[in-house]
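Student: The structure under discussion is supplied below as structure tokens; questions concerning it will follow.
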Ligand SMILES: [Fe+2]
């Protein structure tokens, strides 16, 4: 057996880290980059600086970016986020001899989001790290010292108010804290929310008037942590609940409603029902369980809809499709709003793995109850694809989808741009990168 066969999945193939930081210009392009695209596509991922990590989620944050302008791909570059782990490779995640918490000890590896003139690299256990437009690290961002705890990698930016709405979760009380950041970047609310047990809360849901927390039974255990094993595991006896709260609410105004035990890393979108004020619609990529038998990804997620009836105190749970999906996205302008089209990566041809590289981009028309797909072809594996609106958009799907696609035969990656209105068509443009981009997590389009 070759040595590489013994490695965990996240250290081999296109999950394996790359060793250097480069800047490349004069990128070869097939097709035509829409000239109106003026900005940066940035994507974060785990790239362990020592070459190895205990779990896919524990590698060091590396941003891969492509600058588009005037129909050209001006550059590709990749940079580590300069965290304490970058400066001190091998620094343990938790010092078991002396377990202290430093809010700046982030791997900054999960998402990259622009808000209030800043580009923030996010990881759910610590404070964000700011980078500049050339991907150089500015430093930890604490909202003028007001944040000294965890901040989710999945805040939602309200398209109506410009607020950035988030939360943080902890292994010690408070297990959950709700955060609200104003449109100009000021942390204006941090409220502790009671939870019965520490659970992994990777993401949450926001509507125009409410937030919906997901208390799902992937539970933290100190015993597992002290034994040096994956501290989170599926414990369905813990129950599963959705917590609905007004956006300016607090612990006293959360309404908890039970759902079937399951796990969700990522919602697709959520909204207040347009005509029934007591109903909230939440669409998610739902796993029947997560880490039930081992810390492996041995389940796949499918699209489900939770329709919350606040008057009845109940949730109707409906599976909408049977394709394995992850990385659901909608246009930034539809976040928290009623929407028609959702986009996700289908992981059908992915050796059973859930995330990282799929095989197709699926577009759901939730109004018509139909879907279409872009199949990337044999050995070509997309990660998350981000929606970028067309400049003079009329329809909700008037825009572009972009993301990195790994080509196994060439062992290189491309930035692929699809027409969101016609995803099955040939890509509008394929920007050929001089290297492979390891499978990672989440990204954003940051307009110039
Ligand atoms: Fe995520």
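Student: Do any strands (runs of 3 or more DSSP E) entirely within region 116-175 hold 3 or more residues that are at pLDDT 95 or above and within 16 Å of the ligand (Cβ to nearest atom), and if so, which?
Tutor: Ranges flagged: 118-122, 164-169.
Student: When you go through (1) assigned to a strand (DSSP E or B); (2) buried (at least 20 other Cβ atoms within 10 Å of the Cβ); (3) more than 16 Å from the ligand (Cβ to nearest atom) one by one for residue 403, which number turns out not to apply?
Tutor: (3)
Student: Hey, another quick one. Filter region 303-344 for residues that are at pLDDT below 95, more than 19 Å from residue 401 (Cα to Cα) and buried (at least 20 other Cβ atoms within 10 Å of the Cβ) and give the result.
Tutor: Within region 303-344, just 324 meets the criteria.
Student: So which residues in region 176-187 are in a loop (DSSP other than H, G, I, E, B) and touching a strand residue (DSSP E or B) at 6+ places or on another chain (Cβ under 7 Å)?
Tutor: If the condition is that a residue be in a loop (DSSP other than H, G, I, E, B) and touching a strand residue (DSSP E or B) at 6+ places or on another chain (Cβ under 7 Å), then 182, 185 are the ones that fit.
Residue-wise test of (1) without any contact (Cβ under 8 Å) to a residue 60 or more places away in the chain; (2) under 30 Å from residue 230 (Cα atoms); (3) within 20 Å of the chain's Cα centre (by Cα).
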position: 61; (1), (2), (3): no, yes, yes
position: 78; (1), (2), (3): no, yes, yes
position: 116; (1), (2), (3): no, no, yes
position: 130; (1), (2), (3): yes, yes, yes
position: 136; (1), (2), (3): yes, no, no
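Student: Enumerate the pairs (first residue in region 378-397 and at positive phi; second residue anywhere and crowded, with 21+ Cβ neighbours inside 10 Å) with beta-carbon separation below 9 Å, excluding pairs fewer than 6 apart on the same chain, so at least 6 apart or on different chains.
Tutor: 379/406
Student: Tell me which residues, restricted to region 214-255, are in contact with a helix residue (DSSP H, G or I) (Cβ under 7 Å, 6 or more places away or on another chain) and either within 16 Å of the ligand (Cβ to nearest atom) or outside any strand (DSSP E or B) (or both).
Tutor: 217, 230, 231
Student: I want to confirm something. Restricting to region 369-383 and keeping residues that are part of a loop (DSSP other than H, G, I, E, B) and at pLDDT below 95, which single residue is nearest to residue 329 (Cα to Cα)?
Tutor: Step by step, filter region 369-383, then rank; the result is 383.
So that you can scan it fast, the table gives a plain yes or no per residue for (1) outside any loop (DSSP other than H, G, I, E, B); (2) surrounded by 15 or more Cβ atoms within 10 Å (Cβ to Cβ); (3) within 16 Å of the ligand (Cβ to nearest atom); (4) without any contact (Cβ under 8 Å) to a residue 12 or more places away in the chain:
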site: 410; (1), (2), (3), (4): no, no, no, yes
site: 418; (1), (2), (3), (4): yes, yes, no, no
site: 436; (1), (2), (3), (4): no, yes, no, no
site: 439; (1), (2), (3), (4): no, yes, yes, no
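Student: Continuing with the same structure: Taking the conditions exactly as written (touching a residue at least 24 places away in the same chain (Cβ under 8 Å), closer than 19 Å to residue 444 by Cβ and out of contact with any helix residue (DSSP H, G or I) (no Cβ under 8 Å at 6 or more places or on another chain)), does residue 141 satisfy them or not?
Tutor: No: the conditions fail for residue 141.
Student: Would you tally the residues in region 191-213 being away from the ligand (no atom under 16 Å from the Cβ) and under 15 Å from residue 262 (Cβ atoms)?
Tutor: 1
Student: On to the next question. Could you check residue 25 against (1) at pLDDT 95 or above; (2) under 20 Å from the mean Cα position of the chain (by Cα); (3) surrounded by fewer than 22 Cβ atoms within 10 Å (Cβ to Cβ); (4) within 22 Å of residue 410 (Cα to Cα) and say which number it fails?
Tutor: (2)
Student: All but one of (1) at pLDDT 95 or above; (2) over 22 Å from the mean Cα position of the chain (by Cα); (3) more than 24 Å from residue 274 (Cα to Cα) hold for residue 414; which doesn't?
Tutor: Single failed check for residue 414: (2).
The values are calculated or read from the model by the stated rules, or taken from the named source; none is laboratory data. It should be emphasised that the depicted structure is a prediction, and the values quoted were computed from it without experimental measurement. Ideal geometry is used to build each Cβ from the backbone, glycine not excepted, and the neighbour counts take in all protein chains shown.
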